[in-house]
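First up is the structure itself, then whatever we jot down about it.
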Amino acid sequence: MNTEITTFFSGKEPSGLYLGPYFDSDKNNANITSYVGTNAYLPCYVKQLGNKSVSWIRSSDAHIVTVDRYTFIADDRFLVIPLGESWTLQIKYVQPRDAGYYECQISTSPKLAFRTHLHVLVPKIRMSGAEQNIFVWEGSEVELRCSVENGRSDQLEKLQWQKNEDILHESPIHNYIVFRNKLEGSSLITTATFPNVHRQDSGNYTCALENVGSASVTLHVLNGENPAAMQHGYGKLLPSAASQTFPFQSWWTTAFPSLNAFMVCSEASYLKINKDWNVSRKRVSS
């Protein structure tokens, strides 16, 4: 029975008189991080290779990817780039399934191997807050905030805001929207700010990034003359200076058109469920 023995590179180069091949510890990298959809490059620098061969092995299934200049995998995204002492493995258009360990092996006896771990970052897009509906009073300032976790800096200017599937642009009219994009750590942040929101600003707002996805929220703009616009459901009522209303999550409303008034029942979960009825600015217990 033949048993192959592989010696993994410890990071220490041979000392004294040594004529065999070895890995260049100054140039090889044990951890490579790439964004999904980009090209990954896994370096393998070998000194004094002589007549030995260099192979790349995918550790997850022990599949031989390349041997010297030749590719042995039915996936044309994989390619070795030989250049002097460098035998770099290129993986085009990296996918999450490509993540894991890869071994660069030298055909000595026993075999020498250098292991590299490929990390694949997958962007995730979401709206800030858990609410699918936001209710605000007309005239309030509103900011919608969207983030892309693990986004690339070159994608920052590609973020788009849409209203009911129409692409939005900044406009100088009375109900203009201000857009701001910025990079915070490993996340892309985009905001859409309404300095003075109007009824016609109600609608579904979507933050979208090509080849990544989208996230949406529905904005409901209310005024005192039409409180019935709030329907039974789940959402968040933002505070405003005019209404002195505080955020809540679960709500019910009852309108009294003849009195030009309405009730809002808010429910919050703490140690127990508390319910408060609010009529205009006066508070009464239920």
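Bear in mind that the values in this text are calculations on the coordinates, not laboratory data. Keep in mind that this is a model prediction, so the values were computed, not measured. Cβ sites come from the backbone with ideal geometry, for glycine too, and all protein chains shown count toward neighbours.
Taking the Cα centre of segment 22-158 as the origin, how large is its charge dipole in debye, to the nearest 20, when only Lys and Arg (+1) and Asp and Glu (-1) carry charge on their Cβ atoms?
Computed about the Cα centre, the dipole is about 640 debye.
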Of Lys27/Lys52; Lys27/Lys182; Lys92/Lys158; Lys27/Lys158; Lys27/Lys92; Lys27/Lys124, those spanning more than 24 Å from alpha-carbon to alpha-carbon: Lys27/Lys182; Lys27/Lys158; Lys27/Lys124
Computed lengthening from Gln48 to Asn133, 0.36 nm per intervening residue step minus Cα-Cα distance: 24.1 nm
Positive minus negative residues near Gly203 (Lys, Arg vs Asp, Glu; Cβ under 11 Å): -1
Within segment 92-169, trypsin sites (Lys or Arg not before Pro) in DSSP loop having at most 16 other beta-carbon neighbours inside 10 Å: Lys92
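Would you please give the FRET efficiency between Asp68 and Tyr18, computed as 1/(1 + (r/R0)^6) with r the Cβ-Cβ distance and R0 = 22 Å, to the nearest 0.05?
0.45
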FRET efficiency estimate (nearest 0.05) - Cβ-Cβ, Ser25 to Ser216, R0 45 angstrom: 0.35
Two-site FRET efficiency, Ser86 against His119, from Cβ-Cβ distance with R₀ of 30 Å, rounded to 0.05: 0.90
Separation in nanometres of the label points that stand 7 Å from Cα toward Cβ, at Glu141 and Lys182: 1.4 nm
In Hz, Karplus ³J(HN,Hα) per residue of segment 73-83 (6.51, -1.76, 1.60; θ = phi - 60°; x = Gly, Pro): 9, 7, 8, 6, 6, 9, 7, 9, 10, x, 8
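What percentage of all Cα-Cα pairs in segment 32-163 are separated by more than 25 Å?
In whole percent, the share of Cα-Cα pairs in segment 32-163 beyond 25 Å is 44.
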